[in-house]
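Have a look at the structure below before the remarks.
The values are calculated or read from the model by the stated rules, or taken from the named source; none is laboratory data. Not measured: the values here are computed from a predicted model. A quick note on method: Cβ atoms are made from the backbone with ideal geometry, for glycine too, and the neighbour counts reach across all protein chains shown.
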Amino acid sequence: MLANVLIALVALIHLYILYLETAAWDTPQGHKAFGLTPDFARATKSLAANQGLYNGFLAAGLLWGLFAPSFEFKVFFLLCVIVAGLYGAATTRKTKILYIQTAPASLALAALLLDL
């Protein structure tokens, strides 16, 4: 039960990231969320939208795992989120990603594996 709640939370986080990267990237909300200048946001809008789409796929996989229900889907997509968060933190040097992406997915995976 706890694992499913945490997985749903991770999926919601990724749906929100999808929104920020596809619809709000070049807005004050997107600028604030990602620490962007308006010029940089304009120049990278299409790249961000592509990135956002991948976050949407992560959310879709997690939701599929919840509604299917599939243990394997849950594990696979949580691991994908964890790897993406670690890579993002390493390549952007922003530890914020670890707290927003990696930590919740790691907690959800631990709860799932411990059958909580």
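Check whether at least one residue in region 91-108 is surrounded by 14 or more Cβ atoms within 10 Å (Cβ to Cβ) and among the hydroxyl-bearing types (Ser, Thr, Tyr), and report yes or no. Scanning region 91-108 turns up at least one residue that is surrounded by 14 or more Cβ atoms within 10 Å (Cβ to Cβ) and among the hydroxyl-bearing types (Ser, Thr, Tyr).
Say whether the condition of being in contact with an Asp or Glu (Cβ under 7 Å, 6 or more places away or on another chain), modelled with pLDDT of 95 or more and closer than 22 Å to Ala24 by Cα is met by at least one residue in region 79-90. Quick ask: steps written out before the conclusion?
Within region 79-90, the subset in contact with an Asp or Glu (Cβ under 7 Å, 6 or more places away or on another chain) is none.
No: zero hits.
Would you point out the residue of region 8-35, among those that are among the β-branched types (Val, Ile, Thr) and part of a helix (DSSP H, G or I), that is surrounded by the most Cβ atoms within 10 Å (Cβ to Cβ)? Only one residue tops the list, namely Val10.
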